[in-house]
Structures are given as structure tokens and as C-alpha cells.
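Visitor: Below are the C-alpha cells for one structure; questions will follow.
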Amino acid sequence: MKRWIVAALVLALAVGAAVAYAYAAPKRYDAVSRVVVHPVPAGENTYAGIDVLRDSQDQGRTMSTAAAYFETPDVVAAAADALGMSADDVRDHLDVRPLTGSNVLQVVGKDEHARRAAEIANAVRQAGIAQRTARFQAQLAAVLEKVGKLGSVEARRRVVDLRTLQGRPDPTLETLTVAVAPADAAWPDAGVVLPAGIGIGLGLAALILLLPPLLRPRRAVIDEEHEQDLADREQALGRRADAMAQRERELGVVVEEARAAKADEGRLARRIAEVTKREQGMARQAAELKQREQTLHEREQTLAERTASVEERERRLKTRDAGLDARAHELNTRAERFAERERDLEEREAAPPEPEPEAAQRPGGWTMQELDRAVTQHADAYPDRVEEWRYYLHFLREHTDVDGRLPPTFDGLVAETFGEILDDDLSSPG
């Protein structure tokens, strides 16, 4: 009977201790900020040379790498400066873990004040994304400078793709939810502590009932073997109590995760829908960019053809200009000769007439009709002299008589200028 009383007292004490712990123990609030991880596909070459999170067959490893970004000393130090805390305090109040079975990362801030817990989670999340964004933009600028020096079409296409990423955050990390101050404490949880206390109490009571009747007066002396057995049982009981306490803590974490998952299930579904919509928009933009690249390529080909045509025209113009320069030089030479002969004629006209031999006193020398006919007949044979001959014909017409005959004083000039085209029958005038 006494064993039952002791068992009942132990059970009552265990339950009372659990109740006291559930309502009197210091409360701890867990605030969760979630980040969606979008690893870059392994075959994507757009981000070559840039340290971004890439996809692998082991999703757990990818998520562990993403979680490590938010626990680096630089991120913890930046969050500590923003919160006015030490880096060690921030690290003690921080837990970063992936959400099981998803690509969502949970940044958990833990503190006895709900608002402070949310501030820790948000500060660490912001610092982590800011650090990754700064690193991403620095490496993007270096790659753009290197690729921009290349002149190939593929290099120009990649420059267009990379410039769209300037000023944007790391594409592999995106904030899903911002941490808010939780209304309920994560620990101690009466729904977990009380059943655990009852279970521990029942276990201890069962052990008391199953142990030998230690409380009977007639068992005043317990031999050494029984004492050792009791000690072993007490140690086993202690280990079991520790195991139950550990299980209790694990149950508390599981319950908190279940509550958070249930509370955010609707928001997560909406967020996934938004992300899906954005991915579809990005796919459309990629198609438009591809079309623009095709158009640009066609314009480049057209420009190359036009450039070749312009170069050919320039070559022809240069050849033509060279010919025109030579022609201009030839015309200038002829003009000088014309001017020299014109001065000679003017000097002859101004000089007093010399007495001519009797043969030269005939009425006239060559006629303009004869000279015009000779020039017309031989124009095709002497195309380079036609212009000169016609200039002299124009000059000589001013000195003909009414019959179109030139004075004998011009015979020497006519013979010198037109001698090579005069027929044998015109070699002697008259």
C-alpha cells in the first residue's frame, strides 16, 4: 500500500514540476524570416566567372551551403552592428536551417523578447543578402570589363545579358517572408511539457511499484547486491530522464516548426505562385531578347554589306579622282599653250606687216570651211586634239573675210596647228 502512495506522490510531484516549469520558466520567442533559394542550373554559362549558388543533385548540400551564407563572421558582425549587440550574442540567438523538403531557408531569431527575436532574424537575413549582393555585383563588374574588351558577336550578346543584372541582388537568394514578433512563446510549451511531465511521473511510479518493497520495516538492512542494483536502476532512471528531456526539447522544436509551417502554408503557396509567374515573365523576356539578338545580327550583316559597298564606291571615286586630276593637269597644260599661242598671235597682229613675197600677195590662204571639214573628218582619230583645234577655229573666225578665207599671214599658224590632218589636196591653199 505504501508503494502505491509513494508512486502517487512521485507522479504528483512530476506533474506539479511540469506545470511549474511550463508557467514559471523563462519564456523564449522564436521569430522566423524565410528566404527562397534559386540555385543557378549547372549548365548555365551566363554567370561564368561569378560566384553564385549552383544547383547540384544533392539538394541538402545546396541548402546547407545557402544556410552557411547567413552564418559567416562578416554577416554576424554586420547584424550585430545594426542591432547594437556583440557578435557572440547574435550567434547565440541565431539558428539557420532549411525547411524540410523545400528550397526555403529559415533564419530564426531567438530571444526572451518577441520583438527582439524578430529584429535578430531580419537583421541577419538583410546582412546575408546584402553581403552576397555586394560580392555578386563586384564580380559582375569585373566580368563585364573583361568580356567588353572582346569583339566577337557572342561576347556582345553576353554583355547584353550581364548588363540586365547590374544593380540587382544576388539572383539565387530572395526574401520570402519577413520575421514578425510572435504572439506565443516557443518554449516552454505547456502542450509539450505537461504530457512529458505526466509521462515521466508515470514512468517513475511504475519503477517504484516494480522495485522490491524497500519501505517495509522488516527490510531494515539491504545487502550490498541490492544496493548496487538500486544504484544501477537509479542511473538507468537518470539516463532515461535525460533522454526524455532531450526528446522533450526535440518535440518542442518539431511542434514549433509544425505551427510555423501551418501558419505560413497559405502565404507560402501564394508566394510560390508569384515566383512561378515571375519565372514565366522571365521566360517571355528571354524570348524577346533572343528575337532582339536575331534582329541585331541581321542588322549587323546588312551594315557589313553596306560598309563593303561604300568601300567599293570610295575605291572607284579615288580612281576617278586620280583620272580627273590627270585630266585637269592636261587641260591646264593645254590652256597654257593656248594662252602662249594667243599672245604670239596678238604680237604678230601688232607688229608692222613685212613685205611679203609676190607669191604671198594672193587674195587669201585657207578657208574656214576647209579647216572645219578636216577637223570633222579626223575627230575620231585624234580625240585628244579635237578640243584644241576647235578653240583655234573659234579664234581664226574673227580674222576671215566675207568668203570665210583667212589672210595668208595665218598660213604658218594653220600649218603648224592643223598640218597633221590636212589632206594632200589641201596641203597647198588656194
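Visitor: Would you check if there is a residue in region 95-114 being among the acidic types (Asp, Glu), under 21 Å from THR65 (Cα atoms) and surrounded by fewer than 21 Cβ atoms within 10 Å (Cβ to Cβ)?
Guide: Yes, that holds for at least one residue.
Visitor: Condition first: of a type in the set (Ser, Thr, Tyr) and without any contact (Cβ under 8 Å) to a residue 24 or more places away in the chain. Now tell me which residues in region 123-153 satisfy that.
Guide: Answer for region 123-153, where residues must be of a type in the set (Ser, Thr, Tyr) and without any contact (Cβ under 8 Å) to a residue 24 or more places away in the chain: just SER152.
Visitor: Same structure, new question: In region 271-302, which residues are of a type outside the set (D, E, K, R) and either in contact with a His (Cβ under 6 Å, 6 or more places away or on another chain) or touching a residue at least 60 places away in the same chain (Cβ under 8 Å) (or both)?
Guide: VAL275, LEU289, HIS297
Visitor: Which one of these is surrounded by fewer than 17 Cβ atoms within 10 Å (Cβ to Cβ) and closer than 28 Å to GLU256 by Cα: GLU71, GLU119?
Guide: Answer to the selection: GLU71.
Visitor: Can you tell me which residue among GLY151, GLY197 is part of a helix (DSSP H, G or I), more than 23 Å from ARG54 (Cβ to Cβ) and at pLDDT below 85?
Guide: GLY197
Visitor: Give me a count of the residues in region 380-413 that are over 23 Å from HIS329 (Cβ atoms) and not in a helix (DSSP H, G or I).
Guide: The number of residues fulfilling the criteria is 10.
Visitor: Given the residues GLN235, GLN294, which is the only one that is modelled with pLDDT of 85 or more, assigned to a helix (DSSP H, G or I) and not basic (Lys, Arg)?
Guide: Criteria check complete, one pass: GLN294.
Visitor: May I ask you to verify whether VAL19 is among the β-branched types (Val, Ile, Thr), surrounded by fewer than 17 Cβ atoms within 10 Å (Cβ to Cβ) and at pLDDT below 85?
Guide: yes
Visitor: Please enumerate the residues belonging to region 161-178 that are closer than 27 Å to SER56 by Cα and among the aliphatic types (A, V, I, L, M).
Guide: Selection gives LEU162, LEU165, LEU173, LEU176.
Visitor: Got at least one residue in region 82-92 being in the same structural domain as GLU174 (by TED's automatic domain parsing) and touching a strand residue (DSSP E or B) at 6+ places or on another chain (Cβ under 6 Å)?
Guide: no
The values are calculated or read from the model by the stated rules, or taken from the named source; none is laboratory data. Model, not experiment: these values are computed from the prediction. Virtual Cβ from ideal backbone geometry, glycine too; neighbours counted across all protein chains shown.
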